[in-house]
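Participant: If you scroll down you'll find the structure; I have some questions about it.
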Amino acid sequence: MMSEFREFIARGNVVDMAVGIAVGAAFGAIAKSLVDDVIMPVVGLVLSGVEFSDLFAVLRAGDPGPPYATLEAAREAGAVTVNYGLFVNSIITFLIIAFAIFLMVRAINRIRRQEAATPAPTEKDCPFCATPIPIPATRCPHCTSQLQAASG
């Protein structure tokens, strides 16, 4: 069983997947910071100082009762809240990560299409007269020189 496990771990796909997960987690942290620390403060400033992380609806008041200035104050009071501001932040973070992944996949697909679009050559130059001739030709139709047979 241990040898099977070692074989499983040693496969390239498993290692690639592990690297992808680690890089993805790091990128997720960067995207979250971008949203929380850069984008949302600017959006909040444009919307007259609204702090999205403090947008919530109180379902059940805590002790002391509402109004609560921040989500943290509502949590400390034991209020039950729907945190739609945090949800908006999460949606924006998701969209940034999804867009970055889209750009990466798009670039990879473009490279693959370029590689696939490069056709195999069908002609070669005659070594005697430099005229293009079909690769399987054994005699040049232009200068009638005898050519070496193509090795396959």
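The values are calculated or read from the model by the stated rules, or taken from the named source; none is laboratory data. The shown structure was predicted, so the numbers you read here are calculated from the model rather than taken from an experiment. No Cβ is skipped: glycine too gets one built from the backbone with ideal geometry, and neighbour counts run over all protein chains shown.
Participant: For region 22-67, give me each residue that is over 17 Å from the mean Cα position of the chain (by Cα), among the aromatic types (F, W, Y) and assigned to a helix (DSSP H, G or I).
Facilitator: Across region 22-67, the qualifying residue is only F52.
Participant: Any residue in region 73-95 that is surrounded by 11 or more Cβ atoms within 10 Å (Cβ to Cβ), of a type in the set (D, E), outside any loop (DSSP other than H, G, I, E, B) and in contact (Cβ under 8 Å) with a residue 24 or more places away in the chain?
Facilitator: Looking through region 73-95, none of the residues is surrounded by 11 or more Cβ atoms within 10 Å (Cβ to Cβ), of a type in the set (D, E), outside any loop (DSSP other than H, G, I, E, B) and in contact (Cβ under 8 Å) with a residue 24 or more places away in the chain.
Participant: A61 fails exactly one of the following numbered conditions: (1) at pLDDT below 85; (2) surrounded by 13 or more Cβ atoms within 10 Å (Cβ to Cβ); (3) not assigned by TED's automatic domain parsing to the domain that holds G28. What is the number of that condition?
Facilitator: (1)
Participant: Specify which of the listed residues (A100, A79) is in contact with a Phe, Trp or Tyr (Cβ under 9 Å, 6 or more places away or on another chain) and at pLDDT 90 or above. Break it down stepwise before answering.
Facilitator: Values: A100 fails: at pLDDT 90 or above.
Result of the check over A100, A79: A79.
Participant: What about R11, is it surrounded by fewer than 10 Cβ atoms within 10 Å (Cβ to Cβ) and charged (D, E, K, R)?
Facilitator: Numbers: surrounded by fewer than 10 Cβ atoms within 10 Å (Cβ to Cβ): no; charged (D, E, K, R): yes.
Answer is no for this residue.
Participant: Give me the pairs: first residue in region 18-33 and in contact (Cβ under 8 Å) with a residue 40 or more places away in the chain and surrounded by 10 or more Cβ atoms within 10 Å (Cβ to Cβ), second residue among the small types (G, A, S) and assigned to a helix (DSSP H, G or I), beta-carbon distance under 9 Å, and six or more apart or on different chains, which are they?
Facilitator: Listed by first residue and then by second, the contacts come to F27/A100; A31/A100; K32/S90.
Participant: Still on this structure, I have one more. Determine whether region 122-131 contains at least one residue that is in contact with a Ser or Thr (Cβ under 6 Å, 6 or more places away or on another chain) and modelled with pLDDT of 90 or more.
Facilitator: Narrowing region 122-131 to residues in contact with a Ser or Thr (Cβ under 6 Å, 6 or more places away or on another chain): 128.
From what is left, the residues that are modelled with pLDDT of 90 or more are 128.
Yes, because at least one residue in region 122-131 is in contact with a Ser or Thr (Cβ under 6 Å, 6 or more places away or on another chain) and modelled with pLDDT of 90 or more.
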